[in-house]
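Read through the structure below, which is laid out as C-alpha coordinates, and then see the notes.
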Amino acid sequence: MQGKRLVRSRSDRMLGGVCGGLGEYLGIDPTLVRLFFVLLTFGEGIGVMLYLLLWLLIPAEGSERTGSMEKTIREGAEEIAERARTMSEEIHEGVSARDERVAWIVGGGLVVIGSLLLLERLNLSWLAWFRLNLLWPLLLVVAGVALLVRQARGG
(Lines give C-alpha, C1' and ligand atoms only; values in the text may rest on other atoms or scores of the structure.)
Protein backbone atom coordinates (compact mmCIF):
# COMPACT_ATOMS: atom_id res chain seq x y z
CA MET A 1 0.00 0.00 0.00
CA GLN A 2 1.26 3.42 -0.93
CA GLY A 3 1.35 6.05 1.85
CA LYS A 4 -0.76 9.19 1.74
CA ARG A 5 0.86 12.21 0.19
CA LEU A 6 0.20 15.69 1.55
CA VAL A 7 -0.91 17.90 -1.33
CA ARG A 8 -2.96 21.07 -1.73
CA SER A 9 -6.46 20.22 -2.89
CA ARG A 10 -7.65 21.38 -6.32
CA SER A 11 -11.29 20.49 -5.65
CA ASP A 12 -11.79 21.58 -2.01
CA ARG A 13 -10.27 25.03 -1.92
CA MET A 14 -11.16 28.54 -0.93
CA LEU A 15 -7.78 30.11 -1.62
CA GLY A 16 -4.86 27.78 -2.20
CA GLY A 17 -6.26 24.38 -1.22
CA VAL A 18 -4.07 24.12 1.90
CA CYS A 19 -6.94 23.43 4.31
CA GLY A 20 -8.64 21.03 1.91
CA GLY A 21 -5.38 19.11 1.48
CA LEU A 22 -4.63 19.06 5.21
CA GLY A 23 -8.16 17.90 5.97
CA GLU A 24 -7.88 15.08 3.45
CA TYR A 25 -4.43 14.08 4.70
CA LEU A 26 -5.48 14.11 8.38
CA GLY A 27 -8.89 12.57 7.72
CA ILE A 28 -10.84 15.48 9.21
CA ASP A 29 -13.31 18.02 7.90
CA PRO A 30 -11.44 20.85 6.09
CA THR A 31 -13.80 23.32 7.79
CA LEU A 32 -12.14 22.46 11.10
CA VAL A 33 -8.73 23.12 9.56
CA ARG A 34 -9.99 26.48 8.24
CA LEU A 35 -11.34 27.35 11.69
CA PHE A 36 -7.94 26.47 13.17
CA PHE A 37 -6.23 28.94 10.82
CA VAL A 38 -8.79 31.65 11.67
CA LEU A 39 -8.19 31.10 15.38
CA LEU A 40 -4.42 31.24 14.86
CA THR A 41 -4.85 34.49 12.94
CA PHE A 42 -6.94 36.21 15.61
CA GLY A 43 -5.38 34.49 18.61
CA GLU A 44 -1.67 34.39 17.96
CA GLY A 45 -1.49 36.36 14.73
CA ILE A 46 0.40 33.70 12.79
CA GLY A 47 -2.44 32.03 10.91
CA VAL A 48 -2.03 33.96 7.66
CA MET A 49 1.75 33.58 7.61
CA LEU A 50 1.51 29.85 8.35
CA TYR A 51 -1.10 29.41 5.61
CA LEU A 52 1.06 31.25 3.05
CA LEU A 53 4.13 29.24 4.07
CA LEU A 54 2.25 25.97 3.65
CA TRP A 55 0.89 27.19 0.30
CA LEU A 56 4.49 27.59 -0.83
CA LEU A 57 5.80 24.32 0.60
CA ILE A 58 2.98 21.84 -0.09
CA PRO A 59 2.77 20.74 -3.73
CA ALA A 60 -0.51 21.06 -5.60
CA GLU A 61 -2.64 18.00 -6.22
CA GLY A 62 -1.64 16.41 -9.53
CA SER A 63 1.86 17.88 -9.55
CA GLU A 64 4.88 15.72 -10.26
CA ARG A 65 5.96 13.45 -7.42
CA THR A 66 9.62 13.95 -8.22
CA GLY A 67 9.54 17.75 -8.30
CA SER A 68 12.19 19.58 -6.30
CA MET A 69 11.35 21.80 -3.36
CA GLU A 70 12.52 24.81 -5.39
CA LYS A 71 10.03 23.96 -8.13
CA THR A 72 7.24 23.48 -5.59
CA ILE A 73 7.99 26.86 -4.00
CA ARG A 74 8.18 28.59 -7.41
CA GLU A 75 4.84 27.08 -8.50
CA GLY A 76 3.27 28.04 -5.16
CA ALA A 77 4.55 31.62 -5.45
CA GLU A 78 3.21 31.91 -8.99
CA GLU A 79 -0.14 30.55 -7.86
CA ILE A 80 -0.29 33.02 -4.93
CA ALA A 81 0.51 35.90 -7.29
CA GLU A 82 -2.17 34.78 -9.77
CA ARG A 83 -4.75 34.38 -6.99
CA ALA A 84 -3.89 37.86 -5.67
CA ARG A 85 -4.40 39.33 -9.16
CA THR A 86 -7.73 37.50 -9.53
CA MET A 87 -8.94 38.65 -6.11
CA SER A 88 -7.88 42.21 -6.90
CA GLU A 89 -9.89 42.15 -10.12
CA GLU A 90 -12.93 40.68 -8.32
CA ILE A 91 -12.75 43.34 -5.61
CA HIS A 92 -12.38 46.07 -8.23
CA GLU A 93 -15.42 44.75 -10.13
CA GLY A 94 -17.42 44.49 -6.91
CA VAL A 95 -16.58 48.03 -5.86
CA SER A 96 -17.15 49.40 -9.35
CA ALA A 97 -20.55 47.75 -9.70
CA ARG A 98 -23.55 49.92 -9.00
CA ASP A 99 -25.14 47.35 -6.69
CA GLU A 100 -26.99 49.08 -3.86
CA ARG A 101 -26.63 46.06 -1.56
CA VAL A 102 -22.84 46.24 -1.73
CA ALA A 103 -22.88 49.92 -0.77
CA TRP A 104 -25.24 49.24 2.16
CA ILE A 105 -23.16 46.30 3.41
CA VAL A 106 -19.79 48.05 3.10
CA GLY A 107 -21.16 51.32 4.50
CA GLY A 108 -22.88 49.57 7.39
CA GLY A 109 -19.76 47.56 8.16
CA LEU A 110 -17.62 50.70 8.22
CA VAL A 111 -20.08 52.46 10.54
CA VAL A 112 -20.14 49.48 12.94
CA ILE A 113 -16.34 49.08 13.01
CA GLY A 114 -15.81 52.85 13.36
CA SER A 115 -18.38 53.06 16.15
CA LEU A 116 -16.75 50.20 18.06
CA LEU A 117 -13.31 51.77 17.73
CA LEU A 118 -14.66 55.16 18.81
CA LEU A 119 -16.45 53.70 21.85
CA GLU A 120 -13.31 51.94 22.97
CA ARG A 121 -11.21 55.12 22.73
CA LEU A 122 -13.68 57.39 24.55
CA ASN A 123 -12.76 55.80 27.92
CA LEU A 124 -16.22 56.44 29.34
CA SER A 125 -16.59 55.07 32.86
CA TRP A 126 -19.86 53.27 32.09
CA LEU A 127 -18.11 51.51 29.16
CA ALA A 128 -15.10 50.31 31.17
CA TRP A 129 -16.14 46.69 30.47
CA PHE A 130 -16.02 47.16 26.67
CA ARG A 131 -12.79 45.97 25.04
CA LEU A 132 -12.34 45.07 21.37
CA ASN A 133 -9.76 42.41 22.19
CA LEU A 134 -12.61 40.53 23.90
CA LEU A 135 -15.01 41.04 20.99
CA TRP A 136 -13.23 38.75 18.46
CA PRO A 137 -13.14 35.67 20.74
CA LEU A 138 -16.76 36.34 21.70
CA LEU A 139 -17.79 36.49 18.04
CA LEU A 140 -15.95 33.20 17.36
CA VAL A 141 -17.75 31.52 20.27
CA VAL A 142 -21.13 32.81 19.09
CA ALA A 143 -20.42 31.64 15.52
CA GLY A 144 -19.32 28.22 16.80
CA VAL A 145 -22.44 27.82 18.93
CA ALA A 146 -24.62 28.88 16.01
CA LEU A 147 -22.96 26.24 13.78
CA LEU A 148 -23.39 23.54 16.44
CA VAL A 149 -27.05 24.41 16.98
CA ARG A 150 -27.65 24.42 13.23
CA GLN A 151 -25.95 21.03 12.92
CA ALA A 152 -27.94 19.61 15.84
CA ARG A 153 -31.18 20.69 14.17
CA GLY A 154 -30.13 18.88 11.00
CA GLY A 155 -29.55 22.07 9.05
> From the list L39, L32, L54, L6, which residue is in contact (Cβ under 8 Å) with a residue 60 or more places away in the chain and among the aliphatic types (A, V, I, L, M)?
Replying inline: L39
> How do the helices (runs of 4 or more DSSP H) wholly within the stretch 1-116 filter down when requiring 1 or more residues that are at pLDDT 90 or above, closer than 22 Å to L147 by Cβ and touching a strand residue (DSSP E or B) at 6+ places or on another chain (Cβ under 9 Å): which remain?
Replying inline: 18-26
>> Taking the conditions exactly as written (free of Cβ contacts under 8 Å to residues at least 12 places away in the same chain and small (G, A, S)), does G47 satisfy them or not?
In response: yes
>> Six or more apart or on different chains, Cβ atoms under 9 Å: show the pairs whose first residue is in the stretch 133-154 and aliphatic (A, V, I, L, M) and whose second is at pLDDT 75 or above and assigned to a loop (DSSP other than H, G, I, E, B).
In response: none
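The values are calculated or read from the model by the stated rules, or taken from the named source; none is laboratory data. In this text, all values refer to a predicted model and were calculated from it rather than measured experimentally. Ideal geometry is used to build each Cβ from the backbone, glycine not excepted, and the neighbour counts take in all protein chains shown.
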